[in-house]
1. Count, please, the residues in region 89-109 that happen to be within 14 Å of the ligand (Cβ to nearest atom) and more than 16 Å from residue 158 (Cβ to Cβ).
2. Considering only region 120-129, I want to know if a residue exists there that is crowded, with 24+ Cβ neighbours inside 10 Å and more than 22 Å from residue 163 (Cα to Cα).
3. Kindly list the number of the only condition in (1) out of contact with any strand residue (DSSP E or B) (no Cβ under 7 Å at 6 or more places or on another chain); (2) within 16 Å of the ligand (Cβ to nearest atom); (3) farther than 19 Å from residue 214 by Cβ that fails for residue 76.
4. I need a count of the residues in region 260-269 that are in contact with a helix residue (DSSP H, G or I) (Cβ under 9 Å, 6 or more places away or on another chain) and either surrounded by fewer than 17 Cβ atoms within 10 Å (Cβ to Cβ) or part of a helix (DSSP H, G or I) (or both).
5. Check 305, 328 and return the single one that is more than 18 Å from the chain's Cα centre (by Cα) and closer than 19 Å to residue 9 by Cα.
6. Being free of Cβ contacts under 8 Å to residues at least 60 places away in the same chain, in contact with a helix residue (DSSP H, G or I) (Cβ under 8 Å, 6 or more places away or on another chain) and within 24 Å of residue 240 (Cα to Cα) is the filter here, so list the residues in region 144-173 that pass it.
7. Determine, yes or no, whether residue 230 is surrounded by 14 or more Cβ atoms within 10 Å (Cβ to Cβ) and within 16 Å of the ligand (Cβ to nearest atom).
8. I'm trying to understand the selection: among the residues of region 61-73, which are more than 14 Å from the ligand (Cβ to nearest atom) and touching a residue at least 12 places away in the same chain (Cβ under 8 Å)?
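What follows draws every value from the coordinates through simple rules; no lab data is involved. Predicted model only: the values in this text are computed from it and were never measured. As a convention, Cβ positions derive from the backbone with ideal geometry for all residues, glycine included, and neighbour counts pool all protein chains shown.
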Ligand SMILES: Cc1ncc(COP(=O)(O)O)c(C=O)c1O
């Protein structure tokens, strides 16, 4: 195995142009959390997303989510509904200011927050501060339905687009649906800055406030003056340089991710036990991670597939373990509408994330697919 080329789940892909912006930062000594690259990266993102969005570049996606809750004035004890089937960073920031997450189950069409479960949750919990929904694995949720339900209840909708930059729902980019959208440029994302994030908002004032809070809430005085508690959450000018370089390749990355997904679909088309992660008509995912589930009744388990690939030096990952199943959230509420096992738990039990690295060659993909096919006796 040691001499077999390692195939990653999703590793960073640099193109060289990133260095141009980093050099500029060095040449001008602008290596602090402000400068031309920070402004340029924000401007590039605002242009890419369009729809009048303003972007604040931050140290991480988690910071962006935390600031979104700060900006809506989340108070200790406030209930926030969050996707159960997501990475913990979608919902952890709810707790940073004492909020209480209540988890909402998934629907089967996109694996994302189920609008029916969200409706049911509002009946159970009448006083809710906000709803945060992730677009899992780059697949848009039923964003218009979710947004409408939140509107009807007068509750803020926040869209965690950390995994879905470049995806659209009914032609509109993800990250623009809620009052706030959040992005991540973590190492495994569709574009990366090594680490970083952005807060997207329709309101320029919120961008200004987010930037203020992200720079220790420093008042505009000659001395350090603070009337509020702030954070050290701003993105550095070096990191933003990587982002500017990566932006030039965002659409190319999405196209390559789609190619991987199509290759998997072709490779498994004669194996009815395998289904790829679904998406809804009218949505165009960014195909960040291709995942598969194994149909009920199969004698092959996700761990069989993962172990077979690992034995060949190929990385996979289980489906994100739902938040309502996490020990740390064992006392939090959870709302599902399907009888019996929840949809999110069912997907977790039967699924896995497939290698979705855009540097995979045709040979790499053949290698992965043939190992999986063998698991199913093909
Ligand atoms: C759905 C989701 N939300 C939030 C985050 C947090 O982003 P970051 O790692 O940049 O803090 C991530 C990724 O890490 C994520 O996958």
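1. Of the residues in that region, 1 qualify.
2. Within region 120-129, one or more residues are crowded, with 24+ Cβ neighbours inside 10 Å and more than 22 Å from residue 163 (Cα to Cα).
3. For residue 76, the exception is condition (2).
4. Narrowing region 260-269 to residues in contact with a helix residue (DSSP H, G or I) (Cβ under 9 Å, 6 or more places away or on another chain): 260, 263-264, 266-268.
In the following step, the residues that additionally are either surrounded by fewer than 17 Cβ atoms within 10 Å (Cβ to Cβ) or part of a helix (DSSP H, G or I) (or both) were identified as 260, 263-264, 266-267.
The qualifying residues number 5.
5. Working: 328 fails: closer than 19 Å to residue 9 by Cα.
Sole residue among the options that is more than 18 Å from the chain's Cα centre (by Cα) and closer than 19 Å to residue 9 by Cα: 305.
6. Once the filter is applied, which keeps residues that are free of Cβ contacts under 8 Å to residues at least 60 places away in the same chain, in contact with a helix residue (DSSP H, G or I) (Cβ under 8 Å, 6 or more places away or on another chain) and within 24 Å of residue 240 (Cα to Cα), region 144-173 yields only 159.
7. Working: surrounded by 14 or more Cβ atoms within 10 Å (Cβ to Cβ): yes; within 16 Å of the ligand (Cβ to nearest atom): no.
Here the answer is no, as residue 230 does not meet what is asked.
8. If we filter region 61-73 for residues that are more than 14 Å from the ligand (Cβ to nearest atom), which is where we start, we get 70-73.
Listed by number, the residues that qualify are 70, 71, 72.
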